[in-house]
Each structure stands twice: as C-alpha cells, then as structure tokens.
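The values are calculated or read from the model by the stated rules, or taken from the named source; none is laboratory data. Note that the structure is a prediction, hence the values are computed from the model and not measured. Cβ coordinates were reconstructed from backbone atoms using ideal geometry, including for glycine residues, and neighbour counts include every protein chain displayed. Just so you know, the surface numbers come from the protein's heavy atoms only, side chains and all, with ligands and any DNA or RNA stripped out. Shrake-Rupley method; radii C 1.70, N 1.55, O 1.52, S 1.80 Å.
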Amino acid sequence: MPGAVIVHHHNRYKTYPGEVTGFVFFACLIASVGGCIFGYDIGLTAGLTSTETFLIKFFPSTYQQLKDQVVTNQYCKFDSQVLTLFSSSLFLSAMVAAFFAGPMGRAFGRKWTMFVAAFAYMIGACLGGAAENFAMLLTGRILVGAGVGLCIHASPLYISEMAPGPQRGMLNILFQLMITVGILSASLTNYWTSKIAGGWGWRIAVAFGAVPAAVIALGALAIPDTPVSLISRGEAETARATLAQIRGVGDVSEEFEDLSAASEDSKAVAHPWRELFFSGKYKPQLTFCLLIPFFQQLTGINVIMFYAPVLFKTVGFKQNASLVSSVITGLVNVFSTFVAIMTADKVGRRALFLQGGTQMIISQILVGTFIGLQFGMSGRGAISEQYAMCIVLFVCVYVAGFAWSWGPMGWLIPSEIYPLAVRSAAQSVTVAVNMFFTAFIGQIFLTLLCHLRFGLFYFFGGWVLLMTLFIAMLLPETKNVPVEDVAHVWRKHWFWRKFVVDTSDARGAEMRKKIALEMS
Ligand code: BGC
C-alpha cells in the first residue's frame, strides 16, 4: 500500500515517503492484540457472573438471593453490589495501572511496557483459572486488570507512533477490532465452557485469556520499539534504523529530524502532569483526554456488552436464544468495525463520529420505545416475538453505529492528538477515565434500569446527542496529519486557536505571524 505522509505546514504541504510495509503491519498487529485481552475480559465478565457453579463457589449468599428472587417487575432484577464490585475490580485495577504505564514507557519504552503487561495478565489469568478461594480469585483479577491497564495505555500509542500518517486510522483501528474479537471470543468461550459437565468450565474460560497475552509477550520480543520512544531514550541510531525499516524507504532523514525535534521539545518538559493540567498550554488536549473516554462510556455500549443476555431475557427470549442474540450483537460489532478501518483515513474521523452518533440516537429511541410500549411503567407483562425481534434488530443497528464511531475513535483520537511532551500523561488520564466509567456503568446499570425503566435508553440517547454536538463543534479533523504535527490543527480550529498559541516563546510568536499571514 503506497502512501505518503502529508504535512500541512501552513501554506504548503510536505510529504514523507512511506508505506505500510509488511513489517509495520506485523508490529501493529502484535500491539493490537492488547485490545483482545481487554475485550476478552469485557465479554468474560458477563458470562462469569451468571455461571451458577462459579457463584456457588465464591458468592454463595448472592447465589441464594438470586435464586430466591421473585420477579414481579421486569425492570427491577436482583442487584448484588458485591458481585458488580467484583466485576469492577478488574477495571479499577486497570485504572490504577494506567498511571504506571507512563513512567514505565519513559524508562523502558512502549514495547517493554506491553511485554510486562502481557506477563502480568498471564499470571493473573492462570491464578484466576486455578482459584481455590476468593483471595486467589481476586488477586488474579487484579493482576489481569493491571495487564489490561498497561496494555491499553501502550498499544494505541505504539500503533500511532509506528504508522505512516495516511494509514494511521486504519492501523490504529486494528486495536478496536481486536477488542471486538476479544468480546466475541469470550461469549463463545462462555457458551462452550458452560456445557462442560461438572461445572468447572469457567476455569478454562478465565485461563484462556492467557493465550492472547502470550501472543503479545512473544510478539513483543520480535518487534522494535517506536522510533520516537527510542529517540527519547537516547537511542538515536537504532531509531533511525527502525524508521528506515518500518517505512521501507532509504531516506527517512526528514521524518527523523521532525521526530528528534519533537523529542527535544518534550525533554524541555520536566513535569508532564503539571504541564498538562496547569500550564494552560494544553487546554484542547486536556478537554479531550477527559471527555472522549467519558463520552464513550456514556453511549451506554457496555450495558449491551455486559448485559445483553440479561436484556434479551428480559424482553422474553429463552436462555439459549438470549445467548445466541448476544453472539449476534458480538458479530455485528466485529464486522461493523471494518467499516471504520476502511473509511477512517478517507472520509475522516469527524464524518464517522457524526454518522455513527446519529444512528445510535435513532436506534436508542426506538429500542426504548419498543420496550416501553410492551412493559409500560410497571414492568409487567410479556413481549411479543415480533417486538423482541425488533429490539434485537435495533440493538444491532446501535452496536454497528458504535462500532464505526465512538468505539474506534474513542481510542484513535487520544492516541493521535497529544504532543510527545504530555502524551503518556494524557493517555493515562484517557485510560483511567475510561476504566472508571466502565466500572461505574456496570455498577449502576441495574439500579438505573429499575428507576428509569425504558427511559434508560432515552437517557443514553440524550448523552449521545450531546456528545455528537460536541464533536461537530469542537473536534478538528486529524486524518492524514502526522502525529508530531497535530499541533497545527488546533491553531487552525475556530475555537481552539484562541487557546493554543503560546506567545511567550519565540516559536509561538513566529507561528502566530505565519498563521495570520496564511489567514489573510
Ligand atoms: C470500549 C469498550 C466497549 C467496546 C465495545 C471499546 O472501544 O472501550 O468499553 O466494550 O469498545 O466494542
């Protein structure tokens, strides 16, 4: 795939030669498996906490309460805070780990961060699979969470730093693709292992996550670190050689100079955290690193990912049909991600956000309305088969919309808009906010459903409307812009340009003059 990075230098375009070589594709593919271990746990969580033998062993009183519940209102099922807290422990551990990923990356590089992450995950998965008591189970889950947190910090950054600009979207979305593959494999594994006689199948499901983790650990040994990470750690010559190898062209000096300049700039920043939060220079980046992950979770996607079987059972499907329906939404999730892979670098990030967002709003309103028409406010009654089918259909339309907008963009945008100086810190915030709200939504979903009833879908629909307007007004387009050059897009944006030019330094003043010239 031939390609060239286009740099918009105010009034001229510069191009770096480069293409997606087999080598760069391989490296990005290995890094993207980080998404798979994350997705696997999202899918696994749902199955594990509804497995009887698992509950009897580790949560006997919760199991009894679940058994004893008499459901009179479809909206209000038994809600065990202990059980959801156990589910959340993984995401909370990932949240904490995200803050260690930055210093680790600075000291050892992104590649070794992924290696350590995979290792922690493998130990955690084996410990969980072999758990004989609650302490073992929880320790395993926390280690798995730490692996997930480190990986989802390092993987998207690794890919965006390796990829040539014009194909960065496509390569980065491999990460989201792997998340969806992870979720789907977990639903299939859950389904298959639940059939094992003796009821110990969940152990296989838990331990199986070690397989993709081993792929990352072994793969990490075979791939190089990113050029900019190598330069930052004083390995300029290795960085130049790596750049030549991954670009597949002989002369990479221009790009190398740009990366070195970015690295110099970042070295001038001694305290990235202080710089990000208090210098006032990174207002757009700070806004996006807080809001993108928050909004991504407020789309309500994990209500579907965690609770699809419960939801489909609520609308009247039998146990088996519910599982099949969640496999269907899982498949829709995987295949729709290809739409983003094929179009993100062509139509751009904004178009996908706006189209996908609109599709999600419409389908959420329809799902809420169908459920409301059948169950009303009381939550009593049964749903007809046609209605149940319509609900599954529009849940699929919703999942498809997410899969080519907020899903991939929720990881792509953060990975490409932070300058090197604050990249690790900002990505830690992105991951931590995402993990916190993943846990939060999981924790409050059943309570929300009980109170808001079918209005829950309008609630999330309202959020998607808000975030779609936010994107329409405030997200600049980043397709084709090299990562180390994204600073220019803020300077041209109608809103952000008021905040980003730093007149206190000479470069900023010069930049301002140039922009003024360009605009006149
Ligand atoms: C989100 C997850 C979600 C998944 C669904 C990811 O981008 O971060 O929370 O479960 O997409 O495919």
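Each row is one residue, and each column tells you yes or no for (1) open to solvent by less than 30 Å² (accessible area, probe 1.4 Å); (2) in contact (Cβ under 8 Å) with a residue 12 or more places away in the chain; (3) away from the ligand (no atom under 16 Å from the Cβ); (4) closer than 30 Å to GLU257 by Cβ.
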site	(1), (2), (3), (4)
ALA439	yes, yes, no, no
MET467	yes, yes, no, no
PRO482	yes, yes, yes, yes
VAL489	yes, yes, yes, yes
TRP494	no, no, yes, no
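In summary, GLY356 fulfils each of the numbered conditions (1) in contact (Cβ under 8 Å) with a residue 60 or more places away in the chain; (2) within 13 Å of the ligand (Cβ to nearest atom); (3) closer than 24 Å to GLY462 by Cα with the single exception of condition (1). Among the numbered conditions (1) within 16 Å of the ligand (Cβ to nearest atom); (2) among the hydroxyl-bearing types (Ser, Thr, Tyr); (3) surrounded by fewer than 21 Cβ atoms within 10 Å (Cβ to Cβ), the only one that SER160 does not meet is (3). Is it the case, given these coordinates, that PHE288 is open to solvent by 50 Å² or more (accessible area, probe 1.4 Å), within 16 Å of the ligand (Cβ to nearest atom), more than 30 Å from PHE86 (Cβ to Cβ) and not acidic (Asp, Glu)? When the stated conditions are applied, PHE288 does not pass them. Selection of the range 1-37 for residues being open to solvent by less than 10 Å² (accessible area, probe 1.4 Å) and at pLDDT 85 or above yields VAL24, ALA27, CYS28, ALA31, SER32, GLY34, GLY35, ILE37. Looking across the range 403-428, the residues that are assigned to a helix (DSSP H, G or I) and either open to solvent by 10 Å² or more (accessible area, probe 1.4 Å) or over 22 Å from LEU475 (Cα atoms) (or both) come down to LEU420, ALA421, SER424. If you go through the range 219-276 and keep only what is of a type in the set (Gly, Ala, Ser), out of contact with any helix residue (DSSP H, G or I) (no Cβ under 8 Å at 6 or more places or on another chain) and assigned to a loop (DSSP other than H, G, I, E, B), you end up with GLY234, ALA270.
Examine the range 312-319 for a residue that is out of contact with any Asp or Glu (no Cβ under 8 Å at 6 or more places or on another chain), modelled with pLDDT of 95 or more and surrounded by fewer than 24 Cβ atoms within 10 Å (Cβ to Cβ), and state whether such a residue exists. Within the range 312-319, not a single residue is out of contact with any Asp or Glu (no Cβ under 8 Å at 6 or more places or on another chain), modelled with pLDDT of 95 or more and surrounded by fewer than 24 Cβ atoms within 10 Å (Cβ to Cβ). The residue of the range 226-259 that is nearest to GLY109 (Cα to Cα), among those that are crowded, with 18+ Cβ neighbours inside 10 Å and of a type in the set (Ser, Thr, Tyr), is SER229. In a residue-by-residue description of the range 62-76, the property of being open to solvent by 60 Å² or more (accessible area, probe 1.4 Å), modelled with pLDDT under 75, farther than 24 Å from ILE246 by Cα and more than 16 Å from the ligand (Cβ to nearest atom) applies to no position.
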